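Shown next, in structure tokens, is the structure this report addresses.
The values are calculated or read from the model by the stated rules, or taken from the named source; none is laboratory data. Keep in mind it's a predicted model, so treat the numbers as computed, not measured. FYI the Cβ positions are ideal-geometry reconstructions off the backbone, even for glycines, and counts take in every protein chain you see. For the accessible areas, the whole protein counts, side chains as well, though only heavy atoms, and no ligand, DNA or RNA atoms are used. Shrake-Rupley method; radii C 1.70, N 1.55, O 1.52, S 1.80 Å.
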Amino acid sequence: MTVDGALARVIRSAADRAAAAEAERCELCAAHVSGGHPHLYDTGAAEVRCVCGPCSVLFAEDGAGQGRYRLVPRRRVRLPAVDSAVLGVPVGLVFFVPHADGTVTAEGPSPAGAMRWEVEAAAWQRLATTFPQLASMAPDVEALLVNTVRGLDEHWIVPVDDCYRMVALVRREWRGLSGGGRVWPAVERFFAELTERS
């Protein structure tokens, strides 16, 4: 163990604790929030915001907040194998988000954060006719999460906050050029812990 390695771990640990402490407040009213708190999607900033239960109720109906904020649903649905290769994204760990304007983006985690691609809308529509569950996804706030890395075959409809948790996990665990020995077991645990819910 080197001093640089130990020092880097201490700095990361302190930064993680500080970030967790900051994330424990509702971004609308500043009330403390629990670990399983709801989230809002801010359509103007294209960001997920932490909210408390009472504030989330204000955005439960479509059109609340004049469409600026959308409540992120909690639904998770495991799907059979989806041929996501037809969408033209050449990576095995990726999520696809359909948007209210009809566009679809694909995002994949990397050591620097999420990489983003535009997906051909017609290809998404063809895939949605093959898998009707995809057509039921709430725009901007639900995603098709795919993991075909290292022989896995995981396909889920999940809230976008699950996807961003996965991106943060990859960023936190990635070491060196290939990811090191911690990132892929952590990703496998992430998928093993996903449970269906309506």
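Shape class of segment 152-198 from the Cα gyration tensor (axes a ≥ b ≥ c, square roots of the eigenvalues): prolate, since a/c reaches 1.5 or more and a/b is larger than b/c. Protein heavy-atom surface of segment 128-198, 1.4 angstrom probe: 53% of the accessible area is carbon and sulfur, with nucleic acids and ligands not counted. Size check on segment 39-198: the Cα extents along the three principal axes, sorted descending, read 45, 35, 27 Å. Normalised by 2.2 N^0.38 Å, with N the number of residues, the alpha-carbon radius of gyration of segment 64-110 equals 1.43.
Solvent-accessible area of segment 16-97 (1.4 angstrom probe, protein heavy atoms only): carbon and sulfur portion equals 54 percent.
For the chain, there are no membrane-span-like helices by this rule, meaning no whole DSSP H stretch whose C-alpha atoms cover at least 30 Å of axis and whose Kyte-Doolittle mean is 1.0 or above; this says nothing about an actual membrane. The listed peptides 175-186, 86-97, 63-74, ordered by packing as a protection proxy, come out as 86-97, 63-74, 175-186 (highest mean of other Cβ atoms within 10 Å first). The calculated 222 nm mean residue ellipticity attributable to helices in the chain amounts to -9500 deg cm²/dmol, summing -39500 (n - 2.57) over DSSP H runs of n ≥ 4 and dividing by all residues.
Sorting D101, D153 by accessible area puts them as D101, D153; the probe is 1.4 Å, largest comes first, and only protein heavy atoms count.
Relative intensity of segment 25-76 on a log10 scale, I(q)/I(0) at q = 0.14, 0.22, 0.23, 0.31 Å⁻¹, equals -0.30, -0.76, -0.83, -1.31, per a Debye sum over C-alpha point scatterers of equal strength in the absence of solvent. Once backbone amide H atoms are built at 1.01 Å from N, L28 has C52 as its partners under 5 Å, excluding neighbours fewer than 5 places away on the same chain. Think of a 1.4 Å ball rolled over the protein heavy atoms: segment 40-146 then has 48 Å² of accessible area per residue.
Computed from point charges on the beta carbon alone (+1 for Lys and Arg, -1 for Asp and Glu), the dipole magnitude for the chain about its Cα centre is near 540 Debye. Note on segment 107-198: Rg/Rh from C-alpha atoms, Kirkwood Rh, equals 0.98. Across q = 0.13, 0.16, 0.25 Å⁻¹, segment 83-144 modelled as identical point scatterers on its alpha-carbon atoms has Debye log10 I(q)/I(0) values of -0.31, -0.46, -1.11, in the order of the q list.
For E196 and L169, a Förster radius of 25 Å and the Cβ-Cβ distance give a FRET efficiency of 0.80, rounded to the nearest 0.05.
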